[in-house]
Structures are given as C-alpha cells and as structure tokens.
Number of protein chains: 2
Amino acid sequence: MIGRLVLIGIGLIGGSLARALKRANAVEQVIGVARSRDTGDLALDLGVIDRFSMDPGEAVESASIVVIATPLRTFPGILNAIGKNLPGDATITDVGSVKRYVINAVKRHLPEHIERFVPGHPIAGTECSGVGASFAELFERRHVVLTPLPETNEAAVNVIADMWRRTGADVIKMDGDYHDQILAATSHLPHVIAYSLVRCLAEHPEPDTLFELAAGGFYDFTRIASSDPVMWRDICMTNRKPILRTLGEFKSRLEELIDTIEREDSKLLQEYFAQAKQARDAGLDVKKKIAKQG
Amino acid sequence: MIGRLVLIGIGLIGGSLARALKRANAVEQVIGVARSRDTGDLALDLGVIDRFSMDPGEAVESASIVVIATPLRTFPGILNAIGKNLPGDATITDVGSVKRYVINAVKRHLPEHIERFVPGHPIAGTECSGVGASFAELFERRHVVLTPLPETNEAAVNVIADMWRRTGADVIKMDGDYHDQILAATSHLPHVIAYSLVRCLAEHPEPDTLFELAAGGFYDFTRIASSDPVMWRDICMTNRKPILRTLGEFKSRLEELIDTIEREDSKLLQEYFAQAKQARDAGLDVKKKIAKQG
C-alpha cells in the first residue's frame, strides 16, 4: 500500500492514475497539486484527490511517491520547487511523453534525487483533457514504459512498476532515447500529421461544407487533432530531433506517392496501398493478440 | 416499391444497400452481379440477393433500377455490356467516389441512357470490404450525394433519391466537379495520408516494436489504411487533379510545421495546434447537430 501519493498535475493522466489506485485500494492518501484552484476543487469534488495544494514544495513533504503529470516544459520549475522538502526515501516518477528531456531536467534540477527518479510513460490517453475526463480504467492492458538510468535505484524502479501494475497496466523497460525515437514515429508523427490535415481543410474557402460532408472515418482520423495544444507544443519542442527525422521520412513517402499519382503508375499505386494495408492489419493482429493475453 | 433491382458489384456498399432496401420492404427482387461465383454464393447465403448472375448484360433485362457498385475503372466495360439489354425506362445509378469520371464514362459508353443515369455517392463506409461486411444500417443518417446533369430526367433523380431515403440516408444534390473537389479534401486526402504514414512506419528497422507500442489512437488514425487497395487505386487514378491539388496544399502545411519546429517557434506551434483543434471540434459540433436532427 502506497502511503502518501503526491500528484503534481491533475489532468487526464494524473487523475486517471489516482482513480485507478484508489479503486484498487492501493493508496492511503492522494495530495493533488495544480496551478488553478478550480482544478483542485473539481478533483476534490470528484473524489480523485484527498487534499489540494497549489505549492508543490509544501505538498511533497512526507510523500511516499511523487508523480509529475504536467506538460513537459513545466518540469524544470517543478523539480526546482520540490528539491528542498522531498524526503530522502521518496520515489519520484513522471508520465511525460519524452524521456530524454525529463532525464536531462532531473540531472540538472534534482541531481541529488537522481537515484530515486524513475522516468515513466503510460502509452494511454484520449483526445480529451482535464481531470473531468479521467477514468480508472484508462491504463488497463496498456503498456507503461519505464526508462531507468544506470544509476537508478532498483528498489525505486520496483515501487513505480508495482504502482502501475495495480492500475492494470503492463510495465516494460527500455532505454530513454530508444523510447523517444519509437514514440516519435508511433505517436508524435500521427499527431502532427492530424493537426496539419485539419489546418489544411480549415483553410478551404468553404470549411463548413467540408466538415459537414466528411464521413465518420474523417472524424476518427482527426480525433487526435483535438488533443491539448500546450501538451503537444511541449512534446514537439522537447523531442525535436526524432520528430523532425520521422517528419522528413514521412514527407519522402508522401512525395513518392505524389510522384506515383502524377505519373499515373497504377500498378505501383496499388502495391503501395496493398503493402500499407498489410502492414497495418499485421500490426493490429499483434495488438489484438497482446490484448487477449492481458 | 422497386420491382427488380440489379446490383452490379456485391461488396460492402452494394450489399448494404440491398440489405437496407429489403429490411424496409422497399424492393421485390434483387439480382446480384459479380465476377466471382464465391461472392454470389455468399450473397445468396446471406439473403442479400435473390438471384445471381455473372453476366451484367443478361442481368439488366427487365431491371427497374440498376446500381453499379464496383471499383471505378470497371465502369467503361460494364456500361458497354449493359447498353444493349437495358430497358428504356430503367433508372441507372452508381456509388462511385469520383463523379466526373463516371459522368464522362456514361457520356462515352452509354450516351443513349444519359437522361436516366443519376450519378450518386453515399458518404458512408467502413475499412472492411466485401458482402460479408455489409449491414443494413450503414446509410442511416448519412449523406448520399446525387450529381445530376442538366440533361438528367427529373423523375429518374426522384427514383434514386427515394431509394436512398428508404435506407435512412439524407439525400443532397450538388455539381459533380464540386463533389470531386470536396471529397478529394475530406476523404481522398486522409486515405492517402494514412497509407503513407503506415508505409513510413513499416519501413522502420523494427516495425513489430513500433506496432506493439502504438497506442489506441494510432489504430484509429490508421484505420482507413486498411481499406481496399484496388478501390483506392481507382479513386486516385480517376480524381487525380483534385487529389494532387489537395496533396500539394497538405504538403505546404506540413512544410510550414516542419519549419516551425526547426525554428523552435513555440508560440506559433501552439497557435497552429490550437487552431486545428478548434476547427476540428467546431466541425464535430456541426456533425453532431446534424446527427441529432436526423
């Protein structure tokens, strides 16, 4: 049983983590920290947290676990603020989508706690934001990636892995830079493409006609373009190089396709589509197999 | 009540149309035409059609309505095949995703029936193909676009509009070229982008890791890349110019975004994402309002 969990950032992910741990009877007390009192009041009303604070430094006193669940570029300020009062035996983790940035921020702003900081990233979410959208089932049968450093304390890794397992998640470990490259392709690239596509359509002279005539597939396809712009700005800024690399590769594939349509190469076009369909269907089979095992 | 409906092409769309009309008790007999006997047997077993033929020319004798629901580039051959036996009072329509190509094909290959040919396109579908995936509810509260020509007989338009209304669809009319431009943006562009994205990921040195670590959002985003490659090859080949134009616009938006990330222009990036989110959420509101009215 976790004693005192301090949740810095009470949004979709943080709120869902608190709900899942409470549902599993895995935590005694959750203290929530946010910059806005309205968020705190809502989280208290919803029973997601037991106490609210606007001061992360004060909140982390006597913490067992501290979870940072705010947009990435707030990390340096938060790490600076919590260092003084953080108990020596507290375990710290985060849920940020980019691990290299977080690791560097901890090395710079909280070096004395580096051994007990376990960088983490739950591969789960929806296009909705805020504690009002949180739910206890969000992490069930989802992967949570932990990216410990060589200097990370093994007991600290186990504390965080156990915490996530209580939410129903499947915990895997990998190198932080490798995580950032993979996620640039599977998550960051689709998001920036979805944003670009919607921007493209919004600039049409008659956007209302476009959106009205769009089929259900269009709304599925662009669902992720309704995600939080601040969070995605920070992901793009903190994982710039891997994202720029995958964007460059995607642009090359797109140019190949444009060229194929321009040349009216019907045979190649069919192959291009068939190979994509095959890869996607095969990926989905892998995914379904994992879900069944879970 | 429709007397004899001849369905040329018994796939997801054709099969769903037959099911919907039968459920509404709006048709006496459905004759299905396909190149493969297996398709015909399956459609008979499922009760989607009442009789099967592999010869479109023979099948259209004594037809009340003929619906062409095959990939676009089969149209010239089919129009040539049915001309001889088509009753003078039969109404013909199609479900193709590109209207200018269909209109030109009818003008060339079935000019004597041009007045009774009503080009149509139901804005509905799933990523699945084939009669086995068809279902009667596919068109409920969906738009069906008809693009009659100045020479199209008004009674013929009403016959086809009534047919679609019996499936629960909402019928709208517009110019064929306008349709092709709109659909290039809302449907064809997202499909080719999804295919390109999956291709891009499939070329990664470790595609299995990528697909395993992809979140649910990725599978929603790429769902349309599981669509039928032959159908999409034909759409790209027959709506080349509007698709190339929207692809060019999308590429410009993507290059803007790459440039913004390269320059680390955090403010502009947030605006870019926020405007896309706003446009998508507003489009979804329009869509939900229509669904509620339906």
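The values are calculated or read from the model by the stated rules, or taken from the named source; none is laboratory data. Note that the coordinates shown come from a computational prediction; the quantities given were computed from them, not determined experimentally. Every residue, glycine among them, receives a Cβ derived from its backbone with ideal geometry; neighbour counts consider all protein chains shown. Only protein heavy atoms, including side chains, enter the accessible area calculation; ligands, DNA and RNA are left aside. Shrake-Rupley method; radii C 1.70, N 1.55, O 1.52, S 1.80 Å.
Descriptive notes on the structure:
- Selected residue (only one of A:264, A:212, A:271 is open to solvent by 50 Å² or more (accessible area, probe 1.4 Å), closer than 24 Å to residue B:253 by Cβ and without any contact (Cβ under 8 Å) to a residue 40 or more places away in the chain): A:212
- When residue B:35 is tested against (1) open to solvent by 10 Å² or more (accessible area, probe 1.4 Å); (2) part of a helix (DSSP H, G or I); (3) of a type outside the set (Ser, Thr, Tyr), exactly one condition is not met: (2).
- Selection of the range A:47-87 for residues being small (Gly, Ala, Ser) and more than 17 Å from residue A:160 (Cβ to Cβ) yields A:47, A:53, A:57, A:59, A:62, A:77, A:81, A:83.
- Residue in the range B:187-205 that is among the β-branched types (Val, Ile, Thr), surrounded by fewer than 20 Cβ atoms within 10 Å (Cβ to Cβ) and touching a Ser or Thr at 6+ places or on another chain (Cβ under 8 Å) present: no
- Residue B:284 meets all of the listed conditions (1) of a type outside the set (Gly, Ala, Ser); (2) open to solvent by less than 20 Å² (accessible area, probe 1.4 Å); (3) at the interface with chain A (Cβ under 8 Å from one of its Cβ atoms) but one, namely (2).
- Listed conditions (1) more than 20 Å from residue A:166 (Cβ to Cβ); (2) in a loop (DSSP other than H, G, I, E, B); (3) of a type in the set (S, T, N, Q) are all met by residue A:25, apart from (1).
- Residue among B:59, B:43, B:24, B:20 that alone is at pLDDT 95 or above, under 18 Å from the mean Cα position of the chain (by Cα) and assigned by TED's automatic domain parsing to the domain that holds residue B:136: B:20
- If the condition is being of a type in the set (A, V, I, L, M, F, W, C) and under 20 Å from residue B:112 (Cα atoms), then the range B:151-167 contributes B:155, B:156, B:157, B:159, B:160.
- Unique match (being at pLDDT 95 or above and not in a loop (DSSP other than H, G, I, E, B)) among A:288, A:241: A:241
- The range A:163-175, residues that are surrounded by fewer than 21 Cβ atoms within 10 Å (Cβ to Cβ) and closer than 24 Å to residue A:100 by Cα: A:165, A:170, A:171, A:172, A:173, A:174, A:175
- Test: residue B:209 is over 22 Å from the mean Cα position of the chain (by Cα), at the interface with chain A (Cβ under 7 Å from one of its Cβ atoms) and not small (Gly, Ala, Ser): yes
- Matching residues in the range B:51-84 - criterion: being open to solvent by 40 Å² or more (accessible area, probe 1.4 Å) and in contact with a Pro (Cβ under 7 Å, 6 or more places away or on another chain): B:62, B:81
- Looking only at the range B:87-124, and only at residues there that are touching a strand residue (DSSP E or B) at 6+ places or on another chain (Cβ under 7 Å) and open to solvent by 10 Å² or more (accessible area, probe 1.4 Å), the one that is nearest to residue B:34 (Cα to Cα): B:95
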